[in-house]
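Notes to accompany the following structure.
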Amino acid sequence: MTVSSLSICLALKKIADITCGMRPEAIHVKVIDTWNGVVMVSLPAEFELPIFSYLAQHIGIEQPKQGHPLVLTSGRAVALVQLMLRTSPLKAA
């Protein structure tokens, strides 16, 4: 499975909905190694801890140091998107 920057962004926005109850306006996804499919993700600071904690708990992604971007290998990016495909959407109260 190949994932796009958009699918990574949408998956992270869904996690933000789950963990924070809202979505960030912007998530920056940049491909840093096209050959190996490595991407760098920058999130607004207020979303980092809840999202990174969720990723650590559910797919074992280690939290980057505070203020550093999340670096995803192609395998981790696929795991992220697959996690979100398996997660039910939030239901309105």
For the stretch 5-86, what does the alpha-carbon gyration tensor say about shape, rounded, prolate or oblate, given a ≥ b ≥ c as the root eigenvalues, a/c under 1.5 as rounded, and a/b over b/c as prolate? rounded
Quick one: order Lys14, Lys30, Lys65 by neighbouring beta-carbon count within 10 Å, fewest to most. Lys65, Lys30, Lys14
Could you work out the local net charge near Pro24, counting Lys and Arg as +1, Asp and Glu as -1, over the other residues with Cβ closer than 11 Å to its Cβ? -2
Return the calculated 222 nm mean residue ellipticity for the chain, to the nearest 500 deg cm²/dmol, obtained by summing -39500 (n - 2.57) across DSSP H runs with n ≥ 4 and dividing by the residue count. -15500 deg cm²/dmol
Once the other residues with Cβ under 12 Å from the Cβ of Cys9 are scored (Lys, Arg +1; Asp, Glu -1), what is the net sum? +3
Remind me, relative contact order of the chain in percent, using alpha carbon pairs under 8 angstrom and six or more residues apart? 31 percent
For the residue pair Leu49 and Lys65, what label-to-label distance in nm results when each label sits 7 Å from Cα along the Cα-to-beta-carbon direction? 1.9 nm
Leu10 and Gln82 label points (each 7 Å along its Cα→Cβ direction) are spaced in nm at 1.8 nm
Consider a paramagnetic label point 7 Å from the Cα of Thr34 along Cα→Cβ; state which residues of the stretch 44-86 have an amide N under 19 Å from it. 72-75
Using Cβ contacts closer than 10 Å as the measure, can you line up Ile27, Ile59 from fewest to most? Ile59, Ile27
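No lab work stands behind these numbers, since they all come straight from the coordinates. Keep in mind the model is a prediction, meaning the values are calculated, not measured. We place every Cβ from the backbone using ideal geometry, glycine too, and count neighbours over all the protein chains shown.
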